[in-house]
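Working notes, beginning with the structure itself.
Each reported figure results from applying straightforward, stated rules to the coordinates on display, with no laboratory input. Values in this document were obtained by computation on a predicted structure and should not be read as measured data. Using ideal geometry, Cβ is built from the backbone for each residue, glycine included, and neighbour counts are taken over all protein chains shown.
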Amino acid sequence: MMKIRYKNKTFNLRISRGGFKIQREGSDRWEYVKKEYIIKLCSLLNATFGYKNQPGRLKLNIALDRREGIPLTKQRPIIWNTAIITNCLFPEQTLIEDGYIVSSDILKTEELEERMKEMLLKEEVVVNVKGKIPEEYISLTEFMEG
Amino acid sequence: MKVKTDIETIRRALNALQVILSEATISFNSEGMLTGGIDATKTTMVRVMIHSSVFENYQIGSQLDITLYVLDLWKILKKSPPKGAIELNYDEEKRLLEVVVMSEYMSRYKLRTLETKSLQLPKISMKSAWAGKLISKHFSEAINEISSYTNEIQFIGEKDKLILHGMGETVEVDKVFTKPMAILEIDAKADKTSAYYSAEHLMQIVDAGLKVSDIMLLSFGENSPMYMNSTIPAKLKVEYWVAPRKHV
């Protein structure tokens, strides 16, 4: 799990089962994020983001059923978002060409995570522990009775 | 187990739950359906109660606990038509929750539930010094706007008003709530009570509270959790406890 900061807000980023998920710090929920955050993420990764027909809200999840030879626009958004982001992380491996996914090699989670860490470490990144109480709060556990 | 009620009540209840938890235990007993829990970061707790009288058909046998991935159920409810009925049938042996949505046509879903965990809703000790009944809509608008400037909101409770103060990098904002337009009742134990809470936490839960009731009961104290209560009498009760922020 990694932590990224944007607009004074902190997000936890994790890759599980080959998928990206993002969570606002303090929240228990891994959720959809606004396009601007994804664009920022791509900029942190020194990558470009841009593809037509982007929905306003994108989900950073890697689908395991990435299919070859199908135009990205015909894929479910979840898939082509994934392909775009993955391509940003591994520019030397062409996953997308002329709007088509050309390789369905599912990248190993560890490899993907290592690459992200390496790139994100250029910015302010710390490893977060799941469920850690953010330092700026007084935990509810301190108020529990019994 | 087999229970049936209107979609809207369940939707409001699940919305209140899903803003905090992705996994929860729902407990059915003679009083009704109780669920909730504390989030992983231990900064917010939610308790949601639907009274048994709301259910048209309430067959639960003895108490039954079901642990599930809340977002699965929320996905169904979110897309369900505004009017209609919902029936929940639970197969204990297979640990399958059947959700039947009845409107112009019927939709049937089967959800795999998780290993049952007991419902944990610890009692939170409050040092509340200010309490009030607020108009949910105005409160929600104010929280949403302040959160666009800052992630920390200072609550200043006085004898005749409540001030929400936000200090952004370039903008400072005050929202002043007074009777009778924005606050219906005030119970202040001190001349002035001040506490800080996360705008992001509040934004989500106040919005969920607004969907339950037009009036919200709010109480807080210095370095104490904030308590919020949105209720539809004899139907649905949604409560939140939010951890205070350390102000530096």
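What the Cβ-Cβ distance of B:K133 and B:V171 gives, at R0 = 22 Å and to the nearest 0.05, is a FRET efficiency of 0.15. In percent, rounded to a whole number, the relative contact order of chain B is 21, using alpha-carbon pairs under 8 Å and six or more apart. Mean partner shielding of peptide B:239-247, defined as the number of other chain Cβ atoms within 10 Å of each residue Cβ, is 4. At an R0 of 45 angstrom, the distance between the Cβ atoms of B:K94 and B:E141 translates into a FRET efficiency of 0.45.
In terms of overall dimensions, the C-alpha atoms belonging to segment B:83-195 reach 57, 36, 32 Å along their principal axes, ordered largest to smallest.
Taking GluC sites (Glu not before Pro) across segment B:1-104, the ones in a DSSP loop with at most 14 further Cβ atoms lying within 10 angstrom of their Cβ are B:E31, B:E56, B:E92, B:E93, B:E104. Using a cut-off of 22 Å between Cα atoms, the listed pairs B:K127/B:K211; B:K137/B:K235; B:K4/B:K133; B:K133/B:K161; B:K159/B:K235 include B:K127/B:K211; B:K4/B:K133; B:K159/B:K235 as exceeding that distance.
The modelled label-to-label distance for the pair B:D72/B:D6, using points 7 Å beyond Cα in the direction of Cβ, is 2.8 nm. Available extension along the chain between B:E31 and B:R108 is 25.1 nm, counting 0.36 nm per residue and deducting the alpha carbon span. Derived value for chain B: Kirkwood hydrodynamic radius 19.0 Å. Basis is the mean of 1/r over every pair of different alpha-carbon atoms.
Compare B:L164, B:L77, B:L121 in a GNM of chain B, Cα atoms joined below 10 Å, and give the one with the largest fluctuation. The residue with the greatest mean-square fluctuation here is B:L121.
Working note: Karplus 6.51/-1.76/1.60 with θ = phi - 60° gives segment B:14-30 the couplings 5, 4, 4, 7, 6, 6, 10, 10, 9, 9, 8, 9, 10, 10, 9, 9, 4 Hz, where Gly and Pro are set to x. Placing a label point 7 Å from the Cα of B:D65 along the Cα-to-Cβ line, the residues of segment B:10-25 whose backbone N sits under 14 Å from it are B:24-25. Mean partner shielding of peptide B:41-54, defined as the number of other chain Cβ atoms within 10 Å of each residue Cβ, is 3. In segment B:1-119, the convex hull through the Cα atoms has an average projected area of 6.8 nm², a quarter of its surface area. Converting phi to 3J(HN,Hα) with the Karplus coefficients 6.51, -1.76 and 1.60 and the offset θ = phi - 60°, segment B:142-147 yields 5, 4, 4, 5, 5, 5 Hz in sequence order, with x at every glycine or proline.
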